Amino acid sequence: MSAPSEAGLARPGARAINRAEIVHRNFLDFLAGESPPAPRAPDPAEPLHAGSALTGTALLDYFRFQIQSRQLDLVAREMRARNEGFYTIGSSGHEGNAALGMLSRPDDPAFLHYRSGAFMMARGALDASVDPVYDAALSLAASAEDPISGGRHKVWGNRSLWVLPQTSTIASHLPKAVGAAIALEQTRRLGLTPPVPHDAVIICTFGDASANHSAAAGAFNAAQWTAFQRLPAPILFVCEDNGLGISVRTPEGWIEAGFSGRPGLDYFAGSGIDPVECFDVTRDALDHCRRSRRPTFLHLKVRRLLGHAGTDVETEYMSLAEVENNEARDPLLASARTVLAAGLLDKAGIRELYERIGADVRRAAARAAARPKLTTREAVMAPLEIRDPGAVHAEAGRTVDATARIAAFGGENRLPEKTAPRHLSLQINRALRDLMVKYPEMTVFGEDVAQKGGVYTVTSGLAAAFRGNRVFNTLLDETTILGMAQGHAAMGLLPFPEIQYLAYFHNACDQIRGEAASLQFFSDGQFASPMVMRIASLGYQKGFGGHFHNDNSFTALRDIPGLVIACPSRGDDAAGMLRTCAALARTQGKIVAFLEPIALYMAKDLHAPKDGEWLFPYPEPGIYVPFGSPRRYGDADADLLIVSFGNGVPMSLRAARRVGDDTGARVSVLDLRWLKPLNRARIAEAARRAGRVLVVDEGRRTGGLAEELITLLDEEAGPALPKARITGADSYIPLAEAANLVLLSEDEIVTEATRLIEEAPRR
């Protein structure tokens, strides 16, 4: 087959519009006629030029990978025209990244942008079990047999080739790539065996427009910050500079001006079009990064062909002359000229290669289009589910050698289970210490967590107890912290990042929403970013704060698919829940948001000053809180059930006593503990037995957990069930006593509970 399907690429009279057809024809037109005589007899084993690493054999491989990528771009548009394919963002013009795929190792983890077709063809050739063309076609067709995403998205990825799938690739993948580079070197210091060799290099590719993104700026800064302290960070940033962000032009010289002189970032630049220059500069940059273990920036100048995607008409924002000028700099044309000049193939041979690969790609596309698709909701969501709850609970209950615990706590008599009951903050601290003994791969990091022990001293003493940089401070950037966590997870560590305040999480929400939490989904469970993200949370701090220190909204966390949210209200629960959280991360690859109520960190009393009723003994090793299990206070057959979490639990317990004293009614309290996913069955059962339910939600009225709970009660216990909710106001939290005007109060709980008991008959 000599040409792409006319139905897919061109309509009669549309040649001036369909740039894919024009680029294809330009290449064939170049190959028309006879080849000029080769300047010398070729020796494929020899370098093409003195001082170059590119041999004739390597050039032919390079050219073949480029053609495969180009033909995939053309076929993607044909498939879309037939409604057999569903993605048309291509790699045309960027095929020089074949050099990176050839020169890097299959155990160099790669975080790629979407124009990486030639890279994938080259890396796929390193593994005889991989058919990169057919794999790409399955992905284009959204087939359930797509070996990376299982039909969930068109992504570049492969488990055995260490290509982690990226779905955004605007720039949000850069922080985790930096985190992986730092973590790789950290495993060496900890004496651990990472999943890739210690001399691996982390590869991260992106476009020139993406280099302006705030996530990219943070990633470059973190890499430079690391290098400035003479710490290794072997990451190769590869900027494929085509001068455009869809339609927005990058100012000429912007990337060079912005990156060539940065401290801690070693700069290499060259053409991504000329095969010899591209191959050699890529080799130089990669070798430098591997040898020096320093952040390295490779700037490749390329030209984007065929528009941003199949629907993009470049002449809407570029002149026809500019479009044609780009097309004249087609890297396939440059490679063909080099092949001809070296005498490796003549024009007829190049055309035969181009057409043969095109036919192979079309056969692969036809096969892929006929393969099964995802057909059920359950199949789509399978990677988000907890696959083996039994494994979670077995791991949570697993104990370690007592000798190691005794050493970590400084003596047998200092073991926490042998000491007096303590408050929430200290029990979290003890649980973290226990978990660091249990998991040598566990790391704790964030702002101020090391020597200071966190702003609330929750991590106090851990840095001194566990050497080897297992507990360390980060720079002040939540995006970097959560990128670091993903990188640590990728390198086999078990990260416990701390976000200093809940409000600060929103600065970096996409690192969880768009990157970490999506990885399992878009890799069909083959990759994951397991972590336990500790967040000082919620309101009710007295004499301190304002909004950033008293944020009562975690709505942004609740709708992230697959994320687990835990929120203890007392110290023993916190310790038991942390054991389960670690098990969820380690056995299921889960990301857990562990919300720690700041106002309860130091709480000792419940009903009266100095009663000590909110101090609890430390649970012995092996004792854990089962995933999804709520805690009940009071009689299951009470007259009213109050459902709450966090600060609402002690408030509700005090309110329950007051209501009972005033009305004689029995009021029980259900502490949810696990806020996502909710244990629907247990909540509904408790509600039905009580007959009346009051939901106490310290968050905001709009988007708060109470909305989900009321809906759950309607669906599971019936709309006739007497129920009500009370919440905080839809407001930021101000300073001082004014905070009480928008936060939920204990008096409100008493008033509404009493009303329900007096006015609502039990069903």
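The values are calculated or read from the model by the stated rules, or taken from the named source; none is laboratory data. Here the structure is a predicted model, which means the values were calculated and not measured. Neighbour counts are summed over all protein chains in view; Cβ atoms, including those assigned to glycine, are modelled from backbone coordinates with ideal geometry.
Here are the numbers for this structure:
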{"read-out": "Residue within the stretch 459-466 that is of a type in the set (Phe, Trp, Tyr), in contact with a helix residue (DSSP H, G or I) (Cβ under 6 Å, 6 or more places away or on another chain) and surrounded by 15 or more Cβ atoms within 10 Å (Cβ to Cβ) present", "value": "yes"}
{"read-out": "Residue tally, condition hydroxyl-bearing (Ser, Thr, Tyr) and in contact with a strand residue (DSSP E or B) (Cβ under 9 Å, 6 or more places away or on another chain), over the stretch 717-744", "value": "2"}
{"read-out": "Selection within the stretch 628-642 - assigned to a loop (DSSP other than H, G, I, E, B) and either within 37 Å of the chain's Cα centre (by Cα) or of a type outside the set (D, E, K, R) (or both)", "value": "GLY628, SER629, PRO630, GLY634, ALA636, ALA638"}
{"read-out": "Among (1) crowded, with 22+ Cβ neighbours inside 10 Å; (2) part of a loop (DSSP other than H, G, I, E, B); (3) in contact with a strand residue (DSSP E or B) (Cβ under 7 Å, 6 or more places away or on another chain) - the single one VAL130 does not satisfy", "value": "(1)"}
{"read-out": "Boolean, LEU184 is out of contact with any Cys (no Cβ under 8 Å at 6 or more places or on another chain), outside any loop (DSSP other than H, G, I, E, B) and farther than 23 Å from HIS94 by Cα", "value": "yes"}
{"read-out": "Scope the stretch 438-490; condition among the basic types (Lys, Arg) and in contact (Cβ under 8 Å) with a residue 60 or more places away in the chain; matching residues", "value": "LYS438, ARG470"}
{"read-out": "Pair list, Cβ under 7 Å, 6 or more apart: the stretch 396-419 residue touching a residue at least 12 places away in the same chain (Cβ under 8 Å) and farther than 12 Å from VAL437 by Cβ, other residue outside any helix (DSSP H, G or I) and of a type in the set (D, E, K, R)", "value": "GLU417/GLU620"}
{"read-out": "Test set (1) under 15 Å from ILE22 (Cα atoms); (2) part of a helix (DSSP H, G or I); (3) of a type outside the set (Gly, Ala, Ser) - LEU305 fails condition number", "value": "(2)"}
{"read-out": "Test for ARG230: is it among the basic types (Lys, Arg) and in a loop (DSSP other than H, G, I, E, B)", "value": "yes"}
{"read-out": "Residue list for the stretch 628-648, restricted to those being more than 20 Å from LEU600 (Cβ to Cβ) and surrounded by fewer than 16 Cβ atoms within 10 Å (Cβ to Cβ)", "value": "ASP635, ALA636, ASP637"}
{"read-out": "Some residue of the stretch 263-271 being touching a helix residue (DSSP H, G or I) at 6+ places or on another chain (Cβ under 6 Å), under 21 Å from SER92 (Cβ atoms), assigned by TED's automatic domain parsing to the domain that holds THR55 and not in a helix (DSSP H, G or I)", "value": "yes"}
{"read-out": "Top-ranked residue of the stretch 657-690 - restricted to ones that are in contact (Cβ under 8 Å) with a residue 40 or more places away in the chain and in a strand (DSSP E or B), ranked as surrounded by the most Cβ atoms within 10 Å (Cβ to Cβ)", "value": "VAL667"}
{"read-out": "Residue that is farthest from TYR501 (Cα to Cα), among those in the stretch 589-617 that are touching an Asp or Glu at 6+ places or on another chain (Cβ under 7 Å) and outside any strand (DSSP E or B)", "value": "ASP611"}
{"read-out": "Residue in the stretch 144-152 that is part of a loop (DSSP other than H, G, I, E, B), surrounded by fewer than 24 Cβ atoms within 10 Å (Cβ to Cβ) and more than 20 Å from the chain's Cα centre (by Cα) present", "value": "yes"}
{"read-out": "Verdict on ARG534 being surrounded by fewer than 24 Cβ atoms within 10 Å (Cβ to Cβ) and of a type in the set (D, E, K, R)", "value": "no"}
{"read-out": "Qualifying residue in the stretch 239-261 (condition: within 22 Å of LEU476 (Cβ to Cβ) and either hydrophobic (A, V, I, L, M, F, W, C) or in a loop (DSSP other than H, G, I, E, B) (or both))", "value": "no"}
{"read-out": "Where ASP448 falls short, out of the listed (1) closer than 27 Å to ALA599 by Cβ; (2) not in a loop (DSSP other than H, G, I, E, B)", "value": "(2)"}
{"read-out": "Condition check for ALA217: part of a helix (DSSP H, G or I) and in contact with a Gly (Cβ under 9 Å, 6 or more places away or on another chain)", "value": "no"}
{"read-out": "Residue identified as buried (at least 16 other Cβ atoms within 10 Å of the Cβ), on the phi > 0 side of the Ramachandran plot and touching a residue at least 40 places away in the same chain (Cβ under 8 Å) among LEU306, LEU300, LEU340", "value": "LEU306"}
{"read-out": "Residue within the stretch 735-758 that is assigned to a loop (DSSP other than H, G, I, E, B) and over 28 Å from GLY571 (Cα atoms) present", "value": "no"}
{"read-out": "Total residues in the stretch 357-380, condition loosely packed, with under 14 Cβ neighbours inside 10 Å and part of a helix (DSSP H, G or I)", "value": "3"}
{"read-out": "Evaluation of LYS542 against (1) more than 26 Å from GLY622 (Cβ to Cβ); (2) assigned to a helix (DSSP H, G or I) (one fails), failing number", "value": "(2)"}
{"read-out": "Checking SER35 against (1) assigned to a loop (DSSP other than H, G, I, E, B); (2) out of contact with any Asp or Glu (no Cβ under 7 Å at 6 or more places or on another chain); (3) farther than 27 Å from ASN242 by Cβ, the condition it does not meet", "value": "(2)"}
{"read-out": "So VAL625, is it within 16 Å of the chain's Cα centre (by Cα) and crowded, with 22+ Cβ neighbours inside 10 Å", "value": "no"}
{"read-out": "Boolean, ASP714 is among the acidic types (Asp, Glu), touching a strand residue (DSSP E or B) at 6+ places or on another chain (Cβ under 9 Å) and part of a helix (DSSP H, G or I)", "value": "yes"}
{"read-out": "Total residues in the stretch 43-76, condition part of a loop (DSSP other than H, G, I, E, B), closer than 17 Å to MET102 by Cβ and among the small types (Gly, Ala, Ser)", "value": "3"}
{"read-out": "Residue check, ALA720 part of a helix (DSSP H, G or I) and out of contact with any helix residue (DSSP H, G or I) (no Cβ under 6 Å at 6 or more places or on another chain)", "value": "no"}
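Residues are listed down the side, and each one gets a yes or a no for (1) crowded, with 24+ Cβ neighbours inside 10 Å; (2) within 23 Å of LEU494 (Cβ to Cβ); (3) of a type outside the set (A, V, I, L, M):
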{"position": "ARG159", "(1), (2), (3)": "no, yes, yes"}
{"position": "HIS173", "(1), (2), (3)": "yes, yes, yes"}
{"position": "GLY179", "(1), (2), (3)": "yes, yes, yes"}
{"position": "GLU185", "(1), (2), (3)": "no, yes, yes"}
{"position": "ARG188", "(1), (2), (3)": "no, yes, yes"}
{"position": "PRO194", "(1), (2), (3)": "no, yes, yes"}
{"position": "ILE203", "(1), (2), (3)": "yes, no, no"}
{"position": "ASN212", "(1), (2), (3)": "no, no, yes"}
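Let's see how each residue does on (1) more than 28 Å from the chain's Cα centre (by Cα); (2) under 24 Å from ALA603 (Cβ atoms); (3) not assigned by TED's automatic domain parsing to the domain that holds GLN186:
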residue	(1), (2), (3)
GLU395	no, no, yes
GLY410	yes, no, yes
LYS418	yes, yes, yes
MET442	no, no, yes
ALA465	yes, no, yes
